[in-house]
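K.L.:
Pasting a structure below so you can have a look.
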Amino acid sequence: MHKLENKTFAGWWEQGEEEPLSGDSALHNAILDLNSPVVLIKKNGRIATGHGGTITFKYSQNLNQDETSDDSRIYPIAAYAPPLHPKALGDHYFKKTFNLRYAYIAGAMANGITSAEMVEKAGHSGIMGFFGAAGLELDQIDEAIFRLKNRLNNLTFGFNLIHSPNNFELEDATVKLYLKRGINLISASAFMNLSLPLIYFRVKGIHRGSNGEIICPNRIIAKVSRIEIAEKFFSPPPDKLISELLEKKMITAEEAELSNYVPVADALTAEANSGGHTDNRPALAMLPTIISLRDRITAKYEFDKPVWVGLGGGIATPESTAAAFAMGAAYVLTGSINQGCVEAGTSDAVKAMLAGARQADVTMAPAADMFELGVKVQVLKRGTMFPLKGAKLYELYSMYDGLENLPEKQKDILEKDFFRCSLEKEWEHTKNFFAHYDPKQIDRAENNPKHKMALLFRSYLGRSSAWAIHGAQSRKIDFQIWCGPAMGAFNEWVHGSFLEKPENRKIVTVALNLLLGASVVTRTNWLTSQGVSLPPGAGKFTPIDITPCPDGHKRI
């Protein structure tokens, strides 16, 4: 039974029409009722919950827990927690600025895994969603733009812009498409340095409003895991890139001048141990460090508004969500768990594999887009040989200068187990892809055997994610599924609940359950911090089936 451990109390509770209730069930229900305060009172030496009535707070350190009132309807308060609706979590001005109900972002997962449908459902629910544009053709991105602009109207949504150091033209064309179509919110991911297209997006259209304030019509929410990259997004655009944009007459002198007074990003997500591109950073160390860095840079440049800092990577349970907000995150961002949702643009086979994942079922493997640089992505290893095969390809790339230098045994393995065709035939396939996607790579490969080998290996790495998305059963052993340990944590939390089944995992249902649970965890911690020992499970939150209303969300 829960006991009163503190030696002081906050005040008095005067009973109204409802009698105080005792017992673990009454306490649990009171904590779950997020629209009402939790009032724990001392009654006959035990803790009870008060409902309704009148609260009078006192903050005297001389009050003793043994004090009583002459009125039998008045009880000393042992602990108190105010209402905490999920919409109250996170930074108020972040939500107001972006017209959101919840401080929650459904992060972009490449190749349209964060689909237009997912972004649409999120937007109608007051959640920010970013379409996973990386890896898609421009006409596919344009199709998603048309759908979302027509169906979401003035609701908030955005598109991903992934850093493409090996394909500047694609990054540049993507930015120009966004500006042409009026997409003014992007998620900038995997950037190792600021690029000209990114800065062009940020600076284009900057002007002063009627009150003299600087207005940036194009907004950036960056996603980074390195301090040195975060510093660049917290600071004004580099003079070198601004000068280059001016020389190319891509921006005006006024836009260049005003760029000195704004940071590159409006918000920045500290990306901890996540799926896909990640540095496996620990969230508990990373988030406070980046917030501290943000504060120093804001003071240095005397910005009117600091960059909002959120947290992504590992957000998968009520506890991790509550911890993010407790550490000062303006918002939370999810990725891995969204890939297992009904609306995700991937196959049912992948969703089933993700539903069976545990925290240790992930590992690092070479990234297709930055293979030569040695960049890795975090992927699922359970049920697939992709991580081992990807590592083997990078090993061969590091050891040999070209395909002709490979031992015959290794060539046979590549043809039989990787490509399932001859190396010559696979090269023709690779050439056809790059001829359409990035023709200059072919010219370079013809004169550089090692680069030719890299392109061939990148072909396998890139197609492995496509096989997973399309559910190619003959290639299941080669599926590349981006995934972080959050997936395993989520599966453990929902075990035995309706969310255990993949077909019940809808993006809004998952998001609202995480936020509801975070509110419950937070209120429970408030109570225990006041010296009350609660019974096991008092603050446990089990997922509930939240069916969206016709407007797209349930007003929880």
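K.L.:
Could you tell me which of the residues Gly484, Gly488, Gly496, Gly471 is farther than 30 Å from Ile41 by Cα, touching an Asp or Glu at 6+ places or on another chain (Cβ under 7 Å) and not assigned by TED's automatic domain parsing to the domain that holds Met385?
P.N.:
On inspection, the qualifying residue turns out to be Gly488.
K.L.:
Follow-up question, since we're still on this one. Just give me the residues in region 441-462 being closer than 20 Å to Leu380 by Cα and either free of Cβ contacts under 8 Å to residues at least 12 places away in the same chain or touching a Ser or Thr at 6+ places or on another chain (Cβ under 7 Å) (or both), in sequence order.
P.N.:
Scanning region 441-462 gives a single hit, Ser459.
K.L.:
Which one is nearest to Ala106 (Cα to Cα) among residues in region 160-207 that are under 24 Å from the mean Cα position of the chain (by Cα) and among the hydroxyl-bearing types (Ser, Thr, Tyr)?
P.N.:
Here the residue is Ser187.
K.L.:
Out of all the residues in region 177-236, which are part of a helix (DSSP H, G or I) and hydrophobic (A, V, I, L, M, F, W, C)?
P.N.:
Passing the criteria: Leu177, Leu179, Leu196, Leu198, Ile199, Phe201, Val203, Ile227, Ile229, Ala230, Phe233, Phe234.
This table checks each residue for (1) closer than 26 Å to Ala30 by Cβ; (2) over 17 Å from the mean Cα position of the chain (by Cα).
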{"residue": "Ile469", "(1), (2)": "no, yes"}
{"residue": "Phe479", "(1), (2)": "no, yes"}
{"residue": "Gly484", "(1), (2)": "no, no"}
{"residue": "Gly496", "(1), (2)": "yes, yes"}
{"residue": "Gly517", "(1), (2)": "yes, yes"}
{"residue": "Asn525", "(1), (2)": "yes, yes"}
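K.L.:
Next up: Select, from Asp401, Asp438, the only residue that is of a type in the set (D, E, K, R), touching a residue at least 24 places away in the same chain (Cβ under 8 Å) and touching a Pro at 6+ places or on another chain (Cβ under 9 Å).
P.N.:
Working: Asp438 fails: touching a Pro at 6+ places or on another chain (Cβ under 9 Å).
Being of a type in the set (D, E, K, R), touching a residue at least 24 places away in the same chain (Cβ under 8 Å) and touching a Pro at 6+ places or on another chain (Cβ under 9 Å) holds for just one of Asp401, Asp438, which is Asp401.
K.L.:
Name the residue that is surrounded by the fewest Cβ atoms within 10 Å (Cβ to Cβ), counting only residues in region 162-176 that are assigned to a helix (DSSP H, G or I) and touching a residue at least 60 places away in the same chain (Cβ under 8 Å).
P.N.:
Top of the filtered list is Glu169.
K.L.:
OK, next. Looking at Ile290, Ile227, which is the one that is closer than 27 Å to Ala110 by Cα, surrounded by fewer than 16 Cβ atoms within 10 Å (Cβ to Cβ) and either modelled with pLDDT of 95 or more or more than 20 Å from the chain's Cα centre (by Cα) (or both)? Steps first, answer last, please.
P.N.:
Numbers: Ile290 fails: surrounded by fewer than 16 Cβ atoms within 10 Å (Cβ to Cβ).
Checking each option against the conditions leaves just Ile227.
K.L.:
Next up: Quickly run through region 339-356 and pick out the residues that are surrounded by 19 or more Cβ atoms within 10 Å (Cβ to Cβ) and within 18 Å of Ser497 (Cβ to Cβ).
P.N.:
Listed by number, the residues that qualify are Gly340, Cys341, Lys351, Leu354.
K.L.:
From (1) assigned to a loop (DSSP other than H, G, I, E, B); (2) over 27 Å from the mean Cα position of the chain (by Cα); (3) under 19 Å from Arg475 (Cβ atoms), pick out the condition that doesn't hold for Thr384.
P.N.:
Against the list (1) assigned to a loop (DSSP other than H, G, I, E, B); (2) over 27 Å from the mean Cα position of the chain (by Cα); (3) under 19 Å from Arg475 (Cβ atoms), Thr384 comes up short only on (2).
K.L.:
Turning to a different aspect of this structure: Pairs please, first residue from region 141-161 and without any contact (Cβ under 8 Å) to a residue 40 or more places away in the chain and part of a loop (DSSP other than H, G, I, E, B), second anywhere and crowded, with 18+ Cβ neighbours inside 10 Å and of a type in the set (A, V, I, L, M, F, W, C), Cβ atoms under 6 Å, 6+ apart in sequence or on different chains.
P.N.:
Note: pairs meeting the criteria are Phe157/Val119; Phe157/Leu148.
K.L.:
Hey, another quick one. For region 515-528, does any single residue satisfy the condition of being of a type in the set (Phe, Trp, Tyr), surrounded by fewer than 24 Cβ atoms within 10 Å (Cβ to Cβ), part of a helix (DSSP H, G or I) and touching a helix residue (DSSP H, G or I) at 6+ places or on another chain (Cβ under 7 Å)?
P.N.:
no
K.L.:
Return the only residue of Arg147, Arg151, Arg181 being within 24 Å of Asp369 (Cβ to Cβ), surrounded by fewer than 17 Cβ atoms within 10 Å (Cβ to Cβ) and of a type in the set (D, E, K, R).
P.N.:
Arg181
K.L.:
Could you list, in sequence order, the residues of region 289-300 that are over 28 Å from Gly132 (Cα atoms) and out of contact with any helix residue (DSSP H, G or I) (no Cβ under 8 Å at 6 or more places or on another chain)?
P.N.:
Ser292, Asp295, Arg296, Ala299, Lys300
The values are calculated or read from the model by the stated rules, or taken from the named source; none is laboratory data. Remember, it's a predicted structure, so these values are computed and weren't measured experimentally. All Cβ positions, glycine included, derive from the backbone under ideal geometry; neighbour counts span all protein chains shown.
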